[in-house]
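Notes for the one structure printed next.
The values are calculated or read from the model by the stated rules, or taken from the named source; none is laboratory data. Since we're looking at a predicted model, the values are computed, not measured. Positions of Cβ are generated from backbone atoms using ideal geometry, with glycine treated the same way; all protein chains shown enter the neighbour counts. Surface accessibility is based on the protein's heavy atoms, side chains included, excluding ligands, DNA and RNA. Shrake-Rupley method; radii C 1.70, N 1.55, O 1.52, S 1.80 Å.
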Amino acid sequence: MLSSPTGAGSGDIRQSLGQLKNALIQGQAALRTAYLAKGDAIRMLRGRCQLVDDVLKRLWQEARLPLGLSLVAVGGYGRRELYPASDIDLLFLLPDNVARETERQLEELIGLLWDIGLDIGHSVRTAWQCADEAERDITVRTNLLEARLLCGNRALFAEFSGRILAQIDPKAFYKGKQLEQNERHVRHQETPYALEPNCKESPGGLRDLQNILWICRAANLGDSWNDLARRGFITRGEALQLKGLEAFLRHARIRLHYLTGRREDRLLFDHQEAIAGQFGIVAGKTRRASELLMQRYFRTAKSVTQLNTILLQNLGAEIFPEPNKVPIVINDRFQMDRELLDVRFEDVFEQAPSAILESFLIMQQRAELKGMTARTLRALWRARRLIGPDFRRNPHNRATFLQFFQQRRGLVHELRRMNQYGILGRYLPAFRRIVCQMQHDLFHVYTVDQHILMVVRNLRRFTMPEFAHEYPFCSRLISDLGSPWILYIAALFHDIAKGRGGDHSKLGMPDARRFCREHALEDEDTALVVWLVQHHLSMSNVAQKQDLADPEVVRAFADLVGNERRLTALYLLTVADIRGTSPKVWNGWKGKLLEDLYNAALRLLRGASPQQALGIGERQEEARRLLRYYGLRQDIEGAFWKELDTVYFLRHDAEEIAWHTRTLYHRPASAQPVVKARLPHIGNEGLQVMVYVPDQPHLFARLCGFFSRLGYSIVEAKIHTTRHGYALDSFMLLDPDGALAYRDMISLIEHDLAARLASGPTTEQATSSRLSRQMRNFPITPEVQILSTEKAGQCLLSIIAADRPGLLFTVASTLDAHHINIHTAKIATLGERVEDTFLISGVELAKTATLLRLEAELLEKLQV
């Protein structure tokens, strides 16, 4: 028990502890009730501070510590912002010489603070120790900057405060906080538009606002938004706006803490719907309440980042004054001031509205400009309302906007800047509708507007020599295309109709056509842009869902495309689009599928027959060349190839054919299973596995079960039966979690799978799994469709479902039970959603009753 030099009884303190604990519980419950009833965030934050203050002061008094000590509130507690689940930052400030007995009393007091339910973060330091740590660590310096004396020795606290303030160099502090902010933004993907943002730490969150006030306090420029307005750093209107933005973020964080009962600052999918309800947001006809909440959050974060940029510039100019430099005049409206584009007079945009677009064009044309001055950004933000129908109809403005896409540099930077300050959405009203709009399709990780700009960015990178190593094939194609800027316009409109309640590809066509005609594009270019908007998903769908070994599939795609220019443009847009959805969606396997489809369609468009387009003869010759390269004698492949039919050579490329042949030519009738695995020959992402074994029932389902238990997702399966009754199956595997080292797994797969197959048929069990948070909150209704093909006895099975380990095993086992054979499997995984396509055959497919029963059974098993 805590002892007292004056003889305070342990029973008295024990009784006080119980009272204090009850006071905390009752006080915090009352604060919660009051907040939920009235929604007063400031009253809640300061109320909890006062509650904790009272408890700490009483306990400090009863502990009867020596008079030379001080108890200090620091951090958020120091500035009187104590959120419901925030910890309580305390500094126990000591004089230079402290008795051992005092240290023991402090240890006991700290234990008692935990006992009564206070979640504290504490440090025990002397004033000089605090100053030393603050000198080395800017986070410590910031926390101590907000120190507030709770109780104890005032003289000691004054000495401590003097030391901290004396050592703060406003210039070093500014640089340190700016670096700290940049590092924090990098940790949060440098975007305020993540679908599950952290309302405290993400760009555009509370920390960005606090960072400004910390710098102001360190430079003695003020402690509040009103102070900054009085000193002219912001306008009074901006001060009011900042208060409103801060209030929304505070409410979001308070509600998250109360909802989860812990220190949770992330707006996770699990919480968004409930938080929306607490804000009084209700669902619309086509959008969930959570989507409306997040759009409001993103707009708030966007405004915070705007004002953060403006204020940091203004504060930097104040803290780092430079000798008066004469700005370099650019024209009648603009000048360059310290490498920044500056307006020559405050109302330049009111006097000449066309200068709004001109400012961004100048940024593209002058590489020496590093950005825009704060007053230019503020003027642009005010001037956005000048962009109306008359502005959009002005031929000069239309010509200027079109020039953006034709510049050699700066397009993506300036489109993003235009979007950030509301200019892009004002000029393109259709774009304004999708700004900050979420996409709950479980594979886009960006809002619609950010995804569109990411696609433009990807296309631009194809044209830049410094990025040619990323996708050399795309870089070569776009250099030969001519007028690549046409693609940027198509990218700008490809998803512009998202959220309208229909097929966005078709709904976006009139918007794209209207833009092209209003901006005087050539008829041929207009037709290309509109066609690309309509068909921007077509190539991906064919490559990932259809059998590219089927000549009719390739012919139908080539007929859709019609000419080489459309084919190349669609291929480039498709690659850029997939890469712009999420860093995790693109992989080398998808890239190969798209490239194979592009090359096959190109041959058809150049006059080849379907068989020539698929290049069977060329593949065989290339495979022979590879076999000679690996030292195998002439015609060594003959006996093995006689057991393979045309379909095999259509479905495998030359490198795969050579790999299979090298492995199997000397054992075409092996009694033992042959299993080989390797890294893909294009890139090192994933594993290719080949299985060669006498054909047997349930083989495909067993293989799927084996790979599922290892944690792999099967993204492609090619199932082939040779003329002499052997199964030659190929799989492309990916580890969705990135936890398995592919190279290290090769030997294990080869040994264990071969042993399992050699042991005879075994019953596999589906892998049990938990649903992801995304799937719990945005469930996917499974779809099953079975369509007959032009080939007798074969059908195309299409499945859309929520992804989970063992899904393919479930499908394969169900088909096995109905004696249905799988010839090929195309597995397209889009985030948490799979769209699988199987070429199947079987007697039951000819019977309507059994077909309906099969569809119903698959739907039942795909439910999660």
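Computed over protein heavy atoms with a 1.4 angstrom probe, the accessible surface ordering of Val124, Val693, largest first, is Val124, Val693. Among Arg263, Arg141, Arg187, Arg58, the order of accessible area from largest down is Arg187, Arg263, Arg58, Arg141, computed with a 1.4 Å probe on protein heavy atoms. Rounded to the nearest 10 degrees, the angle from helix 127-136 to the longest Cα principal axis of the chain is 30 degrees. Any lysines with Cα under 25 Å of the Lys498 Cα? List them, leaving off those in the same chain fewer than 8 positions away. Within the straight-line limit of under 25 Å, Lys498 reaches these lysines: Lys285, Lys302, Lys506, Lys545, Lys584, Lys590. The separation of the range 606-627 from the range 137-214, counted between C-alpha centres, amounts to 64 Å. In this view, the solvent-accessible surface of His652, computed with a 1.4 Å probe and all protein chains in place, comes to about 0 Å². For a straight C-alpha distance cut-off of 19 angstrom, the lysines reachable from Lys57 (same-chain residues fewer than eight places away being disregarded) are Lys21.
Given the Cα-Cα distance of Glu466 and Ala30 and 0.36 nm per residue of separation, how much length would full extension add, in nm?
This chain segment gains 150.9 nm when fully extended.
Quick one: helix 170-187 against the long Cα principal axis of the chain, what's the angle to the nearest 10°, folded into 0 to 90? Roughly 30 degrees between the two axes. For the pair His396 and Ile110, label points projected 7 Å from Cα toward Cβ lie 7.0 nm apart. Only protein heavy atoms count here; on that basis, with a 1.4 Å probe, Arg624 has an accessible area of about 60 Å². Note on Leu67 and Arg565: the model spin-label points, each 7 Å out from Cα along the C-beta direction, lie 9.2 nm apart. The Cα atoms of the range 495-538 give a gyration tensor whose axes a ≥ b ≥ c have a/c of 1.5 or more with a/b no greater than b/c, which makes the shape oblate. Helices in the chain, meaning DSSP H runs of at least 4 residues, each add -39500 (n - 2.57). Divided by all residues, the mean residue ellipticity at 222 nm is -17500 deg cm²/dmol. Sequence-distant contacts, meaning Cα pairs under 8 Å at least 6 residues apart, place the relative contact order of the chain at 7 percent. Within the range 357-384, name every residue whose backbone N is under 17 Å away from a label modeled 7 Å from Cα of Arg408 along the Cβ vector. In the range 357-384, the label zone of Arg408 (backbone N under 17 Å from the point 7 Å along Cα→Cβ) covers 361-369.
Taking all Cα pairs closer than 8 Å and separated by 6 or more residues, the relative contact order of the range 301-361 comes to 16 percent. Seen through its C-alpha gyration tensor, with square-root eigenvalues sorted a ≥ b ≥ c, the range 463-591 comes out rounded because a/c lies under 1.5. Rolling a 1.4 Å probe across the protein heavy atoms gives the chain an accessible surface of 43 Å² per residue. Measuring with a 1.4 angstrom probe and ignoring ligands and nucleic acids, Arg163 comes out at about 100 Å² accessible.
Here the accessible area of the range 352-401 is 53 percent carbon and sulfur, with a 1.4 angstrom probe and all protein chains present. Ordered by solvent-accessible area of protein heavy atoms (1.4 Å probe), largest first, the residues His396, His519 come out as His396, His519.
List the chymotrypsin sites (Phe, Trp or Tyr not before Pro) within the range 646-687 that fall in a DSSP loop (any state other than H, G, I, E or B) and whose Cβ has at most 16 other Cβ atoms within 10 Å.
Tyr665
Relative to the longest principal axis of the Cα atoms of the chain, the long axis of helix 616-629 lies at roughly 80 degrees. Would you be so kind as to identify which of Ile578, Ala792, Gly39 lies farthest towards the positive end of the dipole of the chain, taking Lys and Arg as +1 and Asp and Glu as -1 on Cβ and the Cα centre as origin? Working it through, the farthest residue towards the positive pole turns out to be Gly39. Its relative contact order, with pairs defined as Cα atoms under 8 Å and 6+ residues apart, puts the range 473-543 at 33 percent.
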